[in-house]
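Student: Dropping the structure in here first, questions after.
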Amino acid sequence: MEEINNIEVTPCTESDYLKPLRVHYNQNGTKKSWDFMRTHDSVSVLIFNTSSHCFILVKQFRPAVFMCEWERNKTQPPQSAEKPEEGASEAAAPAAEPQEGQSAAEGESSSSPWPPAAAGVTYELCAGLVDKPNLSLEEIARQEVLEECGYDVPVAKLKRITSYRSGVGVTGAKQTMFYAEVSDDNCVSAGGGEPGEGELIEVVKVPLHEAMTFAYDERIPKTMGVIFSFIWFHNNMSPKYKISTNV
């Protein structure tokens, strides 16, 4: 079980991965502006183990998901139904100042307990940023499969499924999805990502016959890439294995 503590939210003024920008433009004679993030493109890989007939996913803590859950569920201060006495100010009382040694974020969270770490954990395809200009997309995908999931897959075994835009309202970055078939013989390590890069990844197996149930179960937090790739497999690869994906 993940353990998350000592949480502090601060403004982000610089980042190696995201850069907030605002674009101003005219559209059909109307002046508009839009805030967006410049970020890297990425690759993702649907991995199918032919030895055990299961998909290989990764499971990891995502701070953005965690914070969204906190924002969505945080408690609101109770509102009094009584009218203020004559002459009393109707303005809301000022927010309590954080105590000495306490950050503003910590003060805000005092009435809104943080959710359990599990609220920020998601199931995803093996994926990574396109941040190595000397490598092809296939070579980057191969590295990610090896680092995150522990399978050594030759570049020639990676099948390109398609590419698409993700986060079109915020980043507009392109992700290219690949498909890789592996066997137990290709497994050379436990995976788990690069600890030196702060990665803490759990490798998860989803049996083929449970895939579509998994994809549509809203109780399981997952990315759209997982859902789309499972549907793609059902439409394009399932007949080859003659096993129902339980649609």
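Student: Where the centroid of each part is defined by its Cα atoms, how far is segment 124-191 from segment 1-64 in Å?
Tutor: 16 Å
Student: Using a 1.4 angstrom probe with every protein chain in place, what is the largest-first accessible-area order of MET237, MET177, MET37?
Tutor: On the way: MET237 30, MET177 0, MET37 60 Å².
Output order, biggest surface exposure first: MET37, MET237, MET177.
Student: Below 23 Å, Cα to Cα, which lysines can LYS74 reach? Residues fewer than 8 away in the same chain don't count.
Tutor: Within the straight-line limit of under 23 Å, LYS74 reaches these lysines: LYS222.
Student: Can you list the lysines whose alpha carbon is less than 25 Å from that of LYS240, not counting same-chain residues fewer than 8 positions off?
Tutor: Straight-line reach from LYS240, under 25 Å: LYS157, LYS159, LYS205.
Student: For segment 132-229, rounded, prolate or oblate, judged on the Cα gyration tensor with a ≥ b ≥ c (square roots of eigenvalues), a/c < 1.5 rounded, else prolate if a/b > b/c?
Tutor: Details: a/c = 1.40, a/b = 1.08, b/c = 1.30.
Rounded.
The values are calculated or read from the model by the stated rules, or taken from the named source; none is laboratory data. Since the structure is predicted, the reported quantities are computational estimates derived from the model, not experimental observations. Note: areas computed on protein heavy atoms with side chains; ligands, DNA, RNA excluded. Shrake-Rupley method; radii C 1.70, N 1.55, O 1.52, S 1.80 Å.
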